[in-house]
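See structure below.
The values are calculated or read from the model by the stated rules, or taken from the named source; none is laboratory data. Quantities reported herein were computed from a predicted structural model and do not represent experimental measurements. Here the Cβ positions follow ideal geometry from the backbone for every residue, glycine too, while neighbour counts run over all protein chains shown.
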Amino acid sequence: MKNYLNNAIHRFELRSLTFIMLRTGHTSVQSEISKLKRAPAEHLYVKSKSKCLPGTRDWIQESLLMHLKEAGNRFVWLRGSPGTGKTAISMSVASTLKEQGMLAASFFWDKNQAGKGLDSIELFPSTLACQLASFNEDFKLSLVKRLRQPDLVFVQDLPLDKQINTLMIEPMRDLKDVWSSGKDHIVIVLDGLDECGDHERLGSLMELVLAFQELPPIFSVLVSSRPEPEVISARDEARAKGHVILCEDLDEVVWEEGFQTVRCMVEEGLQHLFDKYSWKPDEKELDALAWACRGLPVMASIRVRDAAMQTRRGRTLQSVCWELLNLTDAPTNLNWEYLRILRRAYTLDSSDIHPDVAKKYRLVVGAIVVAHEPMNVSFMSQLFKISEAEIRATLEPISSIVNLPLEDAEDVALYHATVKEFLTGEPIGDERDKVFFIDDVQGYFFGLPLLRLFNTHCEQDTFGIPTNPPFGDERIWKEFLMKKDDYRGRFRYVIEYLYKHLDPSQLFSQESNELQNEFNSFITQKYILTFVHIKDSYYVIPDELLQFGVSINYSSDACLMSFLIES
């Protein structure tokens, strides 16, 4: 009996120890993976767009899924002009693959999600590596094995092509037996590649994507983008190496299929208004409303939102629909649709926009368009010294293209990337329409407000940092350190992007100006010390300032800094 109890206790202890070791190992592995920075790029996190409506785009989805599952098809390209519904299709395909257990990873770029890694390529390799680690346990262990190598402590500081090789290709090479070509294909979905930045970045991204040719044969990749030259060049390069790249072109899709998609979007999008107002267009009128959207799902979604907004302003649904059906000079493409919305929002008949409205529009809409991260109504109110009510009054007339949240602390964003492209592109229309276009894409126009905002808080001693001797008040520093994270959060945009918005030509002009005077206060009043303490990192001079011969000196005794302009 005693031996029986001893054996039972021994088995229990052994199992407990094994469980603890496994749990500890799992925690250690997860800790290594969590060190990789990643972007919220999965199809599940796409906010501004939705999947295809049931019964729409079925043929194109089935065709893409068939191509992706066929042996030998490494890449499948879904191409199309702006507003043709590429992202909706990609989301639907990704969802289907997810349900079938075949979606290994996905990355959906979105230039309207600035600051989250969705408008650049820097987090592309690490994000996909993290997703693949979640998808397959063997890959996770292979990846962690490499991450634990001493020379890869700063793997995300490596060039992106080496990151792809280190984080994806090499870990896969150890798993040849696991990734058997006899199984169903495993798919990576990449959407909106043209939203990753400028043309140079897109070219670099295509080089990274072509590296996926080194993945095991079981992998296939769905690439969705506009037919940009960099994508076409990458396709031709891959084909020259003997790779098969199939293409589905939404610009060549049968017109009836595109019309049916838009027709469903219009009817379903307006259904809640039909129920509310007990009125519905007849079938011919619904067809006409769909035809007027030029076969573009984006235009359909804009007009659905526009109709809902108009009915909240005292108009009947019937009058709104009739107006859309009887537009003079009806828009023939997205750009003219955007101009129609802006004209109706801010001008009456042939009159010019009111100067005060124009000023607020260029500040508020300009900030939304060129900011490096999304802004909210509260922050813009502080920045531009405009009331929150005035900012809302500026944006509400164009809420069919700008997502204006109910809460002032929530981020304002454009619904579609094409809006930003339109507003920062070549002006269209006549002379009075030029006010709508933002030519200052660097955002120099709100460098002065950013600088003033920070200087004002320093002047009011908001941060409580001693900037004059003596500097050793321990109580003051403890109070500051306790509130430091709060300050960094509240002033995040200022401390991260202030220098990017300072116009060098004004800052170092021979003639005195407001920006120069405010910047002089920033330095001479030692507000820059507070700035550096909150930023909590070494000061890096932007390239835009370096071209003017700017240098920086650090004084070791008092940690004071002075900017020097080389003659």
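Looking only at the range 78-96, decide whether some residue is modelled with pLDDT under 90 and exposed (fewer than 14 other Cβ atoms within 10 Å of the Cβ). Looking through the range 78-96, none of the residues is modelled with pLDDT under 90 and exposed (fewer than 14 other Cβ atoms within 10 Å of the Cβ). Whenever a residue of the range 400-419 is outside the structural domain of Ser381 (by TED's automatic domain parsing), it has no partner that is of a type outside the set (Gly, Ala, Ser) lying with C-beta atoms less than 6 angstrom away and at least six residues away or across chains. Counting only residues that are in contact with a helix residue (DSSP H, G or I) (Cβ under 7 Å, 6 or more places away or on another chain) and more than 22 Å from Thr418 (Cα to Cα), the range 40-69 holds 7 of them. In the range 223-231 there is no residue matching the filter, namely being in contact with a His (Cβ under 6 Å, 6 or more places away or on another chain), in the same structural domain as Phe124 (by TED's automatic domain parsing), closer than 20 Å to Met91 by Cα and not in a loop (DSSP other than H, G, I, E, B).
Can we say Tyr493 is more than 14 Å from His533 (Cβ to Cβ) and buried (at least 17 other Cβ atoms within 10 Å of the Cβ)? Yes.
For residues that are charged (D, E, K, R), in a helix (DSSP H, G or I) and without any contact (Cβ under 8 Å) to a residue 24 or more places away in the chain, tally how many sit in the range 294-336. Count: 1. When restricted to residues that are among the small types (Gly, Ala, Ser) and either surrounded by fewer than 14 Cβ atoms within 10 Å (Cβ to Cβ) or part of a loop (DSSP other than H, G, I, E, B) (or both), the range 401-426 contains 2.
Identify, please: which residue in the range 242-254 is more than 26 Å from the chain's Cα centre (by Cα) and loosely packed, with under 13 Cβ neighbours inside 10 Å and is, among those, farthest from Leu208 (Cα to Cα)? So the residue we want is Val254. Among the conditions (1) more than 25 Å from the chain's Cα centre (by Cα); (2) surrounded by fewer than 16 Cβ atoms within 10 Å (Cβ to Cβ); (3) part of a helix (DSSP H, G or I); (4) at pLDDT 90 or above, Arg239 misses just one, which is (4). For the range 365-376, the condition of being surrounded by 14 or more Cβ atoms within 10 Å (Cβ to Cβ) and free of Cβ contacts under 8 Å to residues at least 24 places away in the same chain holds for none of the residues. Number of residues in the range 219-277 that are among the basic types (Lys, Arg) and touching a residue at least 60 places away in the same chain (Cβ under 8 Å): the value is 2. Count of the range 433-450 residues, restricted to those that are assigned to a helix (DSSP H, G or I) and in contact with a Ser or Thr (Cβ under 7 Å, 6 or more places away or on another chain), is 0.
Every condition in (1) more than 27 Å from Phe108 (Cα to Cα); (2) in a helix (DSSP H, G or I) is met by Ile386 except one, and the failing one is (2).
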